[in-house]
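The values are calculated or read from the model by the stated rules, or taken from the named source; none is laboratory data. No experiment lies behind these values; they were computed from the predicted model shown. Cβ placement follows ideal geometry from the backbone for every residue including glycine, while neighbour counts extend to all protein chains displayed. Only protein heavy atoms, including side chains, enter the accessible area calculation; ligands, DNA and RNA are left aside. Shrake-Rupley method; radii C 1.70, N 1.55, O 1.52, S 1.80 Å.
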Amino acid sequence: MSTSPTSLHTTDSPSSNTDVQSGSLPAVLVLADGRVFRGISFGATGRALGEAVFTTGMTGYQETMTDPSYRRQLVCATAPQIGNTGWNDEDDESRGSTIWVSGLIIRDLSARPSNWRSKRSLQDEMASQGIIGIKNVDTRALVRHLRDKGSVNAGIFTGDEAAKPVDELLSIVNEIPSMAGQDLAEEVSTDEPYIVEPEGTSSQSDTLTVVAYDMGIKTNTPRNFARRGIKTVVVPANTSFDDIQKYNPDGVFISNGPGDPSTADTMVDIVRQVLSAKIPFFGICFGNQIFGRALGLGTYKLKFGHRGINVPVVDVATGRVSITAQNHGFALLPPHVDDASETLSTEELTASFDTPFGPAHVTHICPNDNVVEGVALDDGRAFSVQYHPEAAAGPHDANPLFDQFVTVMQEGKAK
């Protein structure tokens with residue numbers, strides 16, 4: 001299933017990277033709506049194509065770039081200087097240390113990384129993995145443009161390609177398929193199941209087992225289960241319900257991942273089988289959208305999405321606000337509506353709704369735009385959130401959700 005994350009861009013030979021490191025090679029960012037930003041190339045050379053998005057995190061560029069959810073996206077950092085802490089061997093969020101972003105857009109590149117864990121510079125790592133970047137871009141203007149107009153397809157062109165007429169480059173960008181309708185999970189998922197063993201000294205008979213669907217899972221997620229003494233069996237996207245039953249799971253988890261949730265029909269059917277079997281369920285990000293679809297909710301594409309480590313979320317039951325890490329361009333439609341533009345009161349948005357598996361309700365919302373940030377069955381045995389409780393990078397406000405899932409599994413096992 002897994003393929004190279006550089007499939008949407010072509011790169012020159014590694015020997016040409018010397019010119020890039022000197023900071024003298026021109027580059028141009030061309031948006032599908034015709035907006036053009038010029039700058040300097042860094043990393044690899046050639047062209048990079050994808051959807052232009054922005055992330056508001058001030059730290060965590062390494063975790064962001066290795067997050068499989070950024071497959072086929074050109075990521076603009078709103079923080080003004082990137083590369084300060086270099087690149088280390090501990091913070092990658094993908095197996096194999098793969099960079100999944102198609103390209104990186106920044107204002108300033110740190111001249112020299114400084115961190116005790118740093119092994120190499122950001123640009124050296126990007127060059128070695130064939131990832132193209134553009135620096136010296138007015139990222140404030142770019143982000144304001146994307147906020148006003150919405151995320152759009154774009155291309156980064158370096159060297160000789162940057163000197164081509166804009167109309168020629170624009171025609172290339174306009175051939176990029178829209179992110180809407182893209183089924184990308186299998187492109188980033190594991191090819192074979194693997195096991196992450198629990199930490200601690202619990203006896204085998206006491207160990208809970210979670211089957212985790214890898215839709216683009218970050219490495220810190222099974223690590224969180226392991227810290228709680230949970231055995232995690234990570235399986236490829238679309239693994240059948242019959243196949244996961246051989247692991248005798250105490251719970252099923254669906255991870256974050258790239259692409260349009262409306263294409264995930266197979267996973268929706270699997271979740272319905274999990275719910276019918278009354279197996280405890282927990283989903284995050286893409287898993288939230290799949291769970292919502294299994295309950296009968298629709299999905300839609302956000303104008304510019306939620307990406308960063310400072311997104312507020314309200315728990316509607318308690319009123320408590322958590323600061324969360326997020327990365328998604330799609331969201332769940334609220335219950336009882338067919339159009340995301342419909343305005344609902346908080347009471348209407350969070351009212352219980354019927355599903356084939358019992359009543360359910362919206363549990364969390366984003367106060368910035370009223371986006372649905374979590375849903376759950378009323379009996380508590382299945383729930384999901386739109387954000388990232390594994391927090392890599394990001395705040396730890398939502399980390400107790402793992403404990404909540406463990407409690408649900410323990411209660412289910414006791415029964």
Given the protein chains as shown and a 1.4 Å probe, how many square angstrom of THR207 are accessible, to the nearest 10? 10 Å²
Probe 1.4 Å, protein heavy atoms only - accessible area per residue of the chain in square angstrom: 40 Å²
Semi-axes a, b, c in Å (a largest) for region 185-414, each sqrt of 5 times a Cα gyration tensor eigenvalue, come to 26, 18, 18
Please list 240-249, 362-371, 339-348, 395-404 highest first by mean number of surrounding beta-carbon atoms within 10 Å per residue. 362-371, 395-404, 240-249, 339-348
Lys pairs in the chain with Cα under 21 Å (8 or more apart in sequence, or on separate chains) total 13
Remind me, relative contact order of region 26-175 in percent, using alpha carbon pairs under 8 angstrom and six or more residues apart? 37 percent
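Can you work out the FRET efficiency for the pair ALA351 and ARG320, with r the C-beta to C-beta distance and R0 = 25 Å, to the nearest 0.05?
Given R0 = 25 Å and the Cβ-Cβ separation, E is 0.80.
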In square nanometres, what is the average projected area of the Cα convex hull of region 26-175? 8.0 nm²
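What FRET efficiency comes out for the pair GLU175/ALA414, r = Cβ-Cβ distance, R0 = 60 Å, nearest 0.05?
0.60
Set the Förster radius R0 to 60 Å, insert the Cβ-Cβ distance between SER24 and ASP243 as r into 1/(1 + (r/R0)^6), and round the FRET efficiency to 0.05.
Once rounded, the FRET efficiency stands at 0.65.
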Contour minus end-to-end for GLU168 and ARG95, with contour as 0.36 nm per residue of separation and end-to-end as the Cα-Cα distance? 22.6 nm
5 Å is the cut-off here: which amide hydrogens, built 1.01 Å from N in the peptide plane, fall below it relative to LEU184, excluding neighbours closer than 5 in sequence? ASP260
What full-extension length gain, to one decimal in nm, is calculated for SER128 and LEU302 as 0.36 nm per residue of separation minus the Cα-Cα distance? 59.3 nm
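Give the peptides 145-151, 98-104, 258-264, 181-187 in descending order of average Cβ contacts within 10 Å, highest first.
Packing order, densest peptide first, comes out as 98-104, 258-264, 181-187, 145-151.
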So which chymotrypsin sites (Phe, Trp or Tyr not before Pro) in region 102-208 end up in coil per DSSP with only 11 or fewer other C-beta atoms within 10 Å? TRP116
Mind computing the radius of gyration and Dmax over the alpha-carbon atoms of region 25-99? Å is fine for both. 13.2, 39
Largest to smallest accessible area among THR266, THR158 [probe 1.4 Å]: THR266, THR158
Order by protection proxy (mean Cβ within 10 Å, highest first), peptides 118-126, 59-67: 59-67, 118-126
